[in-house]
1. Take Lys223 and Lys16, extend 7 Å from each Cα along the Cα→Cβ direction, and tell me the distance between the two endpoints in nm.
2. So how long is each side of the stretch 6-47 along the principal axes, counting just the alpha-carbon atoms, biggest first, in Å?
3. Taking +1 at the Cβ of each Lys and Arg and -1 at the Cβ of each Asp and Glu, which of Phe3, Asn24, Leu88 sits farthest along the dipole of the stretch 1-99 towards its positive end, judged by Cα position relative to the Cα centre?
4. Over the stretch 51-94, what portion of Cα pair distances is larger than 11 Å, expressed as a whole percent?
5. Can you tell me the FRET efficiency between Asp181 and Tyr48 if r is taken as the Cβ-Cβ distance and R0 is 22 Å, rounded to the nearest 0.05?
6. Please go through the residue pairs Lys44/Lys223; Lys104/Lys174; Lys174/Lys223 and name each one whose alpha carbons sit more than 23 Å apart in this structure.
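Rule-based calculations on the coordinates, nothing more; no lab input. In this text the structure is predicted, and so the values were computed from the model without any measurement. As a convention, Cβ positions derive from the backbone with ideal geometry for all residues, glycine included, and neighbour counts pool all protein chains shown.
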Amino acid sequence: MNFYTSRETRQEWIVKNFPEIFQNINSVLDVGCDQRQMLEFLEKHIKYVGIDVSDGADIQIDLDSTKALPFSDNEFDAVLALDTLEHLEEFHFIFDELCRISNKYIIITLPNPLSQIPWNYFMGRKHAHTLEERKKEGTYTKPYGLPLEKPEDRHRWFFNTEESINFINYRAEKNGFNVRDIGYSIDYQSKLKKFIKFVLAGFSRKRMLNFFTDSTIFLLERK
């Protein structure tokens with residue numbers, strides 16, 4: 001399956017693909033909310049709070065500098081962290097905080113940085129910024145590389161799909177949650193790119209998962 005294809009479609013995709021969650025909750029905490037786009041797709045009765053380092057959030061907060069999130073235990077029915085944790089040095093601590101705050105559900109999406117290796121490292125990096133920024137900063141992928149200037153944002157952790165599954169399973173159990181569902185987004189790329197990944201992956205299911213999965217989504221439910 002494919003997940004959302006951009007930051008603008010991310011929150012809408014989540015709400016539409018988890019109707020059993022969003023039709024039965026009264027409050028949502030959106031961690032890494034960007035410009036609070038999700039609010040547009042929620043039922044009016046749902047209390048929504050978005051936190052982010054950006055000034056578009058309800059609460060502007062640096063998740064790597066906080067000792068604890070400013071919410072009570074079990075305060076929200078659902079807590080979301082979509083493409084957020086991999087940007088944080090305090091990955092483990094903030095995950096535990098999500099569990100503390102959630103009363104029922106947690107939805108997390110994580111990338112698979114390993115899948116970028118065959119193309120970015122062997123066939124040349126891509127850079128998502130403008131030509132002017134490339135000239136100033138150098139070419140690098142958002143997760144990794146050595147840009148000429150320090151980027152405002154980057155991924156802090158290098159892991160594959162298998163490691164993200166092991167992490168979520170372990171830490172969810174430790175915090176009193178069950179992993180109710182796991183979904184995978186497959187990056188349907190050009191035939192050449194897919195062939196390169198296939199050759200490198202071999203025939204092992206684990207290797208195929210680690211090389212072909214673009215990102216993984218986890219639905220956690222409190223025990």
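1. 3.6
2. Sorted from largest, the Cα extents of the stretch 6-47 read 26, 19, 15 Å.
3. Of the candidates, Asn24 comes out farthest on the positive side.
4. Details: 683 of 946 pairs.
I get 72 percent for the Cα pairs in the stretch 51-94 exceeding 11 Å.
5. On the way: r = 23 Å, r/R0 = 1.04.
Once rounded, the FRET efficiency stands at 0.45.
6. Values: Lys44/Lys223 28 Å; Lys104/Lys174 16 Å; Lys174/Lys223 11 Å.
Those over the limit are Lys44/Lys223.
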